Amino acid sequence: MYVTRCNNKEILKSLDSPYVTALLGPRRVGKTTLVQQLALEPGPFAQPQKKWVFLNMDARAERLRVEADQLDALIEERARQKIGASPLWIVIDEAQKCPALFEQIKLLYDRYKDQSLLKFILTGSGFLTLHQLSAETLAGRIELHQLREFTLRETTALKTGSAVPHKIQIFDHLIDPSGLSSLKNSIEALAPFREELQRSLRELLVWGGLPEVLSFDAEQEAEKKISYLANYLQTYLEKDVRDIGTVADLPLYQKMMEIVAQQTGSVREDKRIVDALGCSRDTLKKYRGFLEATLVYRELYPYIGSPLKRLVKSPKGFLTNNGLISYLTGIYDLALLEKSALIGHRFENWALREFQTWLDRDPRRSELFFWRTSGQVEVDLVIEKNPHVLPCEVTYGSRVDPKKVKHLKQFLQQEPRAHCGIYLYQGEFSYDPDARIIFLPAWTLG
């Protein structure tokens, strides 16, 4: 079953523009599937006069042709027509693996940009390399979009075969002070999906949001999920990481991933990691940079916004896929996670991705942070979406922790741009107007 993505509208708008469209995201999150679906389903992108050509820079033969400056010839062979004879839509997967590609795209783009005869769609699982390569040669000609793992809403659509109404956007109510009055109505409209959303959330906490993992049944096919994740990791190491020539020690790299998985959601402690790996700080920094560049890891930095002061400077690190964390730590049982302190980090990891996917829909500047003072006052997430700031405590429990509420209040007192705070948890919805805190059930993020 094909699932419409949450940022489908923004991607479609880009595809309908004359610019080069780039879809960035980790391996196997559905980038190519999305484009292929558009090419096949009835609609403006599947018109008979539009011919689609699919290339893949993972394929050595195709990559060598492009490196020999033969992109135009390769396109014409696949399309069985001359470029310019009729509209061609060229999809190039793993574009970051062939730097020679970008200058040739630039030349073709500039030649046909005013004729609506050539549309390039690039996909990539290497953010920094594709971003840098496109910035160098395609500045002013390219639009970048992110595609991430399945969200709670998308997972529920996959599992139930019916979409949760996309017109209900809880996030938009939260960030806009004028939207709080209609928040309760939107949550009530989601209530019929509550059980399915809660079931999907439990699966995402253990197995992550890779579409093919979620296509297996939650319990009956756990071994298939584990096998898939094992193959996914091996493919990632062999294709994405090995292609980086400066990774000299793949076993060390995998060991670093295991440590990052264990410490997901925690403030980085480089000295402990260096001691555990037996490597230099420079090697750790370089390898962690590759993790980030291949879109499987991200860091949250402290929120430093006047008049907040005395903040710690070390970032928190997140291996972004809960399924990979399960595989690397060997813990696949939700009940076991719930008995440990690990469930909180899994829950925070999931919430981080949900908020980031929402922010992807808006081209305006936005960022995610955390807040912690030297006095150990902490807020798990701070969403900055100009001109608004939204602090969010994330806790897996169903009861309200007075200490976390106190931390939200302290942040709200110090940051005038924050109109309210969010307490994301497993309990019931309520709003405290005096404290300006919304107590939000996790399932409503679907």
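What number of residues within region 376-411 are among the hydrophobic types (A, V, I, L, M, F, W, C) and within 14 Å of residue 174 (Cβ to Cβ)? Matching residues across region 376-411 total 8.
Matching residues to (1) of a type in the set (A, V, I, L, M, F, W, C); (2) modelled with pLDDT under 95:
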residue	(1), (2)
168	yes, yes
186	no, yes
201	yes, no
208	no, no
237	yes, yes
245	no, yes
249	no, yes
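For the residues 259, 343, the requirement of being on the phi < 0 side of the Ramachandran plot and either in contact with a Leu (Cβ under 6 Å, 6 or more places away or on another chain) or charged (D, E, K, R) (or both) singles out 343.
Is it true that some residue in region 266-279 is over 24 Å from residue 326 (Cβ atoms), touching a helix residue (DSSP H, G or I) at 6+ places or on another chain (Cβ under 7 Å) and assigned to a loop (DSSP other than H, G, I, E, B)? Scanning region 266-279, I find at least one residue that is over 24 Å from residue 326 (Cβ atoms), touching a helix residue (DSSP H, G or I) at 6+ places or on another chain (Cβ under 7 Å) and assigned to a loop (DSSP other than H, G, I, E, B), so the answer is yes. Candidates in region 397-418 are the residues that are surrounded by fewer than 19 Cβ atoms within 10 Å (Cβ to Cβ) and among the aliphatic types (A, V, I, L, M); of these, the one that is nearest to residue 383 (Cα to Cα) is 405.
Considering region 155-255, the qualifying helices (runs of 4 or more DSSP H), each wholly inside and each with 1 or more residues that are without any contact (Cβ under 8 Å) to a residue 60 or more places away in the chain, run over 170-175, 183-190, 194-207, 222-235.
Can you spot a residue in region 20-32 that is in a helix (DSSP H, G or I), outside the structural domain of residue 364 (by TED's automatic domain parsing), under 30 Å from residue 216 (Cβ atoms) and within 18 Å of the chain's Cα centre (by Cα)? Yes, region 20-32 has at least one match. Scanning region 248-258 for residues that are among the hydrophobic types (A, V, I, L, M, F, W, C) and buried (at least 17 other Cβ atoms within 10 Å of the Cβ) gives 256, 257. Only a single item in (1) surrounded by 15 or more Cβ atoms within 10 Å (Cβ to Cβ); (2) out of contact with any helix residue (DSSP H, G or I) (no Cβ under 7 Å at 6 or more places or on another chain); (3) at pLDDT below 95 is not met by residue 313, and it is number (1).
Selection of helices (runs of 4 or more DSSP H) fully inside region 53-128 by the criterion of at least 2 residues being in contact (Cβ under 8 Å) with a residue 12 or more places away in the chain and more than 20 Å from residue 144 (Cα to Cα) returns 60-67, 71-79.
Number of residues in region 318-346 that are in a loop (DSSP other than H, G, I, E, B) and either free of Cβ contacts under 8 Å to residues at least 40 places away in the same chain or aromatic (Phe, Trp, Tyr) (or both) equals 5. A single entry from 334, 328, 324 fulfils the requirement of being in the same structural domain as residue 426 (by TED's automatic domain parsing), of a type outside the set (Phe, Trp, Tyr), crowded, with 22+ Cβ neighbours inside 10 Å and closer than 19 Å to residue 226 by Cα: 324.
The values are calculated or read from the model by the stated rules, or taken from the named source; none is laboratory data. This structure is a prediction, so every number in the text was calculated from the model and none was measured. Note that we place each Cβ from the backbone using ideal geometry, even for glycine, and neighbour counts take in every protein chain shown.
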